[in-house]
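Worksheet: the structure to be examined is printed underneath.
The values are calculated or read from the model by the stated rules, or taken from the named source; none is laboratory data. Owing to the predicted nature of the structure, the values given are computational and were not obtained by experimental measurement. We place every Cβ from the backbone using ideal geometry, glycine too, and count neighbours over all the protein chains shown. SASA here: full protein model, heavy atoms, side chains in, ligands and nucleic acids out. Shrake-Rupley method; radii C 1.70, N 1.55, O 1.52, S 1.80 Å.
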Amino acid sequence: LRYRAQVAFQTMYNMVAGLDAVQNRRKAIVYISSGYDFDPYSAGRNSRDQIQGGRFSDPLRFLIDQENPYFRIGTATADIDLYAFMRELTLSANRTNASIFTIDPRGLAGVTDAGQYLDQSEVRTFLQKTISTLRYLAEETGGFPVVNDNDFVSALKRIDAETSDYYVLGYYSTNTGETSRVRDVEITVKRPGIDVNARKSYTVRTPGVLPRPVLPPPPSPRRR
């Protein structure tokens, strides 16, 4: 699961980098995804959920000391890896002046039905994390997320309105400090009653390198 998600990030990263050839206009990306979680339903897989007691988890789970931090490296690094991929993707989009509009096709998210035998607390955690990743990708690039919403028609009309009429402003910064890589931007207008929707900051342009997806280990041979 983690490898497939990393491949998706790598594909998106390469596509965004290709938009750098388009100059002097706003670029928008409509990203349809249900979000990402590199370590979903961990309690169920480790026989710690309140419903099935880990009925479908690894049969060797009880041989692992869950209190030993060395056995929890995979769980600990999952969120770190997820943040690293999202962060580099948003930086790439900002370098090419592209805004990401994320759409969750699940629409209004609710609880799961009893027939799925899933712990509701784990379902809520999974939804919260996946929705948060979509919010992050959109809000860090000047777009907006369409999550927990079934009105996709209005959302697409809003995306069309924001990408059809806009101003492109540019300036040469006098800040030569190399340590200040993130620069705040404030745009104001004199006309009353106007709401300004613009990027709040930008990052000094760097080449950027997205971490390569790590291939999953091959399955262990089974003895007969």
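For this structure, a couple of remarks:
- Some residue of segment 97-113 being surrounded by 14 or more Cβ atoms within 10 Å (Cβ to Cβ), under 13 Å from the mean Cα position of the chain (by Cα) and more than 29 Å from Ser42 (Cβ to Cβ): yes
- Any hit, segment 62-82, residues being at pLDDT below 90, under 19 Å from Phe126 (Cβ atoms), of a type in the set (Asp, Glu) and open to solvent by less than 40 Å² (accessible area, probe 1.4 Å): no
- Pairs where the first residue, in segment 173-195, is without any contact (Cβ under 8 Å) to a residue 12 or more places away in the chain and the second is surrounded by 10 or more Cβ atoms within 10 Å (Cβ to Cβ) and outside any loop (DSSP other than H, G, I, E, B), C-beta under 7 Å, 6+ apart: Ser173/Arg183; Asn175/Arg183
- Residues within segment 155-179 that are surrounded by 10 or more Cβ atoms within 10 Å (Cβ to Cβ) and either β-branched (Val, Ile, Thr) or in a helix (DSSP H, G or I) (or both), tallied: 9
- Selected residue [at pLDDT 85 or above, within 26 Å of the chain's Cα centre (by Cα) and either of a type in the set (Asp, Glu) or not in a loop (DSSP other than H, G, I, E, B) (or both)] from Ser121, Ser92: Ser92
- Once segment 180-198 is narrowed to residues that are more than 20 Å from Arg26 (Cβ to Cβ) and assigned to a strand (DSSP E or B), the residue that is least open to solvent (accessible area, probe 1.4 Å) is Val182.
- Beta carbons closer than 7 Å, at least 6 apart along the sequence or on distinct chains, never pair a first residue in segment 139-152 that is on the phi > 0 side of the Ramachandran plot and open to solvent by less than 30 Å² (accessible area, probe 1.4 Å) with a second that is assigned to a helix (DSSP H, G or I) and of a type in the set (Val, Ile, Thr).
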